[in-house]
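Colleague: To start, I am sharing the structure in question, which I have written as structure tokens.
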Amino acid sequence: MRYFLVGFFVLVVGVVAVAGFRGSYTKNTPIELFPDMDRQPKLRPQEPNKFFADGLASRLPVAGTVSRSPGVQVGDEKVFRHQTHPFNTGKLAGKTNFVEIIPTAVTAQFLERGQQRYNIYCSPCHSSVGDGKGVTSKYGMTATANLHDPRIVKMADGEIFNTITLGKNTMLPYADKLEPSDRWAVISYVRALQRARLATKDEVPADIMATLKK
């Protein structure tokens, strides 16, 4: 029993010595059983490096390097992210005017993608139907735009694209979360929501109207 108590005491002291002072301040190097790659060979910005002739670790891109994505087919041309193109900016080339309509074909797959992205990024504030009464309204956020407001319904698609890209008022930008193609897809779905809410009976195609119950 005596040896057990001695061993237990030594074990407790060892545990306290190793882990009992986590978070305290000391100038001594901490004991690391598992360093988890906290320290590894690397070059920090502006750090000198004798390997290169100029002695600098930070390197500029090779002359002529252009950041490129796979590109998106827009009509008869392929558009890349680095290009100043209406598909990437929402504005007419060389002008400040916004693109009036989505500059790419709107297919069922494209619309479905827009619905998916909208439900993830937009519905928490604008709601699933676009009336601005999303879940955030229950927490005091009451300045969310109603997407069925005539002002937004009449707004050019490029202007909505610009708002998604840069944000507006309390709405933060989503350029880092939505690729240009996804922003246009979201706009296509927003237009579908508006159509579903604001369209009249006379706008329903005759073949579809015939299938509706009176």
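Colleague: If you look at just the Cα atoms of the stretch 77-147, how large are its Rg and its Dmax in Å?
Modeller: According to the Cα coordinates of the stretch 77-147, Rg and Dmax are 15.7, 46 Å.
Colleague: Here is a further query. With the calculation restricted to Cα positions, what are the radius of gyration and Dmax of the stretch 30-136 in angstrom?
Modeller: 23.5, 63
Colleague: Going highest first, how would you order 122-131, 5-14 by mean Cβ packing within 10 Å? Could the numbers behind the result be given before it?
Modeller: Numbers: 122-131: 18.3, 5-14: 10.2.
Result, highest mean Cβ count within 10 Å first: 122-131, 5-14.
Colleague: Would you mind putting 202-210, 84-92 in packing order, based on average other-beta-carbon counts within 10 Å, highest first?
Modeller: Working: 202-210: 8.4, 84-92: 18.1.
Highest-to-lowest ranking by the protection proxy: 84-92, 202-210.
Colleague: Express the C-alpha Rg of the stretch 128-214 as a ratio against the empirical globular expectation 2.2 N^0.38 Å, rounded to two decimals. Could you put the intermediate results ahead of the total?
Modeller: Values: Rg = 15.5 Å, N = 87, 2.2 N^0.38 = 12.0 Å.
Dividing the Cα Rg of the stretch 128-214 by 2.2 N^0.38 Å gives 1.29.
Colleague: Rounded to two decimals, what is Rg over Rh for the stretch 114-174 when you use alpha-carbon atoms and the Kirkwood radius? Don't jump to the answer; show the numbers that get you there.
Modeller: On the way: Rg = 11.1 Å, Rh = 11.9 Å.
Rounded to two decimals, Rg over Rh is 0.94.
Colleague: Right, something else. Specify which residue in the list Phe110, Val129, Tyr139 is farthest towards the positive end of the charge dipole of the chain, using unit charges on the beta carbon of Lys, Arg (+1) and Asp, Glu (-1), about the Cα centre.
Modeller: Going by the Cα projections, it comes out as Tyr139.
Colleague: For Val204 and Leu33, calculate 0.36 nm times their separation in residues minus their Cα-Cα distance, and state this gained length in nm to one decimal.
Modeller: On the way: separation 171, 0.36 × 171 = 61.56 nm, distance 7.04 nm.
Gain on extension, Val204 to Leu33, equals 54.5 nm.
Colleague: Above 31 Å lies some portion of the pair distances; for the chain, what is it as a whole percent of all C-alpha pairs? Let's see the in-between values first.
Modeller: On the way: 12015 of 22791 pairs.
Counting pairs separated by more than 31 Å, the tail of P(r) holds 53 percent.
Colleague: Now for a separate question. In what sequence, highest mean first, do 34-41, 159-166, 137-144, 56-63 appear when ranked by Cβ atoms within 10 angstrom?
Modeller: Working: 34-41: 6.5, 159-166: 20.1, 137-144: 11.8, 56-63: 9.8.
Answer by packing, highest mean first, reads 159-166, 137-144, 56-63, 34-41.
Colleague: Which of the pairs Lys133/Lys154; Lys78/Lys177; Lys138/Lys177; Lys78/Lys201 have their Cα atoms more than 30 Å apart in this structure?
Modeller: On the way: Lys133/Lys154 21 Å; Lys78/Lys177 22 Å; Lys138/Lys177 25 Å; Lys78/Lys201 39 Å.
Beyond 30 Å: Lys78/Lys201.
Colleague: Given a cut-off of under 8 Å on Cα pairs at least six residues apart, what relative contact order in percent is computed for the chain?
Modeller: After rounding, I find 15 percent.
Colleague: Working from the alpha-carbon coordinates of the stretch 73-200, get Rg over Rh, Rh being the Kirkwood radius. Don't jump to the answer; show the numbers that get you there.
Modeller: On the way: Rg = 14.4 Å, Rh = 15.0 Å.
Rg/Rh for the stretch 73-200 comes to 0.96.
Every read-out reported here was derived from the displayed coordinates using simple, explicitly stated rules and does not represent laboratory data. This is a predicted model, so every value here is computed, not measured. So basically every Cβ, Gly included, is an ideal-geometry build from the backbone, and we count neighbours across all protein chains shown.
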